[in-house]
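The values are calculated or read from the model by the stated rules, or taken from the named source; none is laboratory data. Note that the structure is a prediction, hence the values are computed from the model and not measured. Backbone-built Cβ (ideal geometry, glycine too); neighbour counts: all protein chains shown.
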Amino acid sequence: MSENNENDLNGRRRNLNVLVSAIYRVTERFPTDEILRSRLREQALNILNHAEHAYFGDEEHFNKFVASVRTLVNYCELAEQQNWVDRKNFMILKNSFFNFLNTFAFQPSPQPVAKNPAKFSLPSRNESKVDSDKFTGRQNNILNHIRQNSNSHVAELASMFPDVSQRTIRRDLDGLITAGLIIKKGKTNGTVYESI
């Protein structure tokens, strides 16, 4: 493994360990017998496990890693509604885990060609961006977020970019709609943006 790859791996491990530790700190404030407390911690540990294997090109663990992040975010949304801790904690955790996921591209390790190749493979992060040179980095992040979650609201997207107004997020979404990459469903606060 080259020094750059090893530094990247160690940096990812540190970042993920910080996020998992944050899950443990936040869930300390949950009622002791609350099932969400143990489920959030369990998912955080699953993410650690699957990320380690996925980094070395294990597609099965990459798929499990993505599913574990999505499950953890769903658990965060459930816990957020209970008002055990400040909602900002969950917003930060959800955004941090999604940002980590968005920077984590599956790259299969070099292996001999199998006799029966798999029927399904995940596109790499670069393949999932359609003509990414046409869009800003923020638009690419928005598009990736919508694709990974099947849909999103402006407020959710705006929480990913605290220094950007919702109006600017809407302009970014309008550009993605014009490019034919997403569609808009609904009106006013109920508007949902979906990947095509």
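Here is a check on your reading of the model: is ARG12 in the same structural domain as ASN95 (by TED's automatic domain parsing), modelled with pLDDT under 85 and of a type in the set (Lys, Arg)? It is true that ARG12 is in the same structural domain as ASN95 (by TED's automatic domain parsing), modelled with pLDDT under 85 and of a type in the set (Lys, Arg). Can you pull out the residues in the stretch 152-195 that are surrounded by fewer than 11 Cβ atoms within 10 Å (Cβ to Cβ) and of a type in the set (Val, Ile, Thr)? Within the stretch 152-195, THR178, THR188 qualify. Only one of the listed residues (PHE106, PHE120, PHE90, PHE135) is at pLDDT 85 or above and aromatic (Phe, Trp, Tyr). That residue is PHE90. Scanning the stretch 166-194 for residues being closer than 19 Å to ASN140 by Cβ and small (Gly, Ala, Ser) gives a total of 3. Step by step: first the residues of the stretch 19-62, then only those that are among the small types (Gly, Ala, Ser) and in a helix (DSSP H, G or I), then the one that is farthest from ASN99 (Cα to Cα). Which residue is that? Restricting to residues being among the small types (Gly, Ala, Ser) and in a helix (DSSP H, G or I), the top hit is SER38.
Quick check on this structure: which one of THR178, THR168, THR191 is touching a strand residue (DSSP E or B) at 6+ places or on another chain (Cβ under 7 Å) and polar (S, T, N, Q)?
One residue alone meets the criteria, THR191.
Of the candidates ASN74, ASN17, ASN46, ASN83, the single residue that is on the phi > 0 side of the Ramachandran plot and polar (S, T, N, Q) is ASN83.
Tallying residues that are out of contact with any Ser or Thr (no Cβ under 6 Å at 6 or more places or on another chain) and not in a loop (DSSP other than H, G, I, E, B) within the stretch 172-183 yields 8.
Residues that are buried (at least 16 other Cβ atoms within 10 Å of the Cβ) and farther than 15 Å from PHE98 by Cβ are absent from the stretch 66-75.
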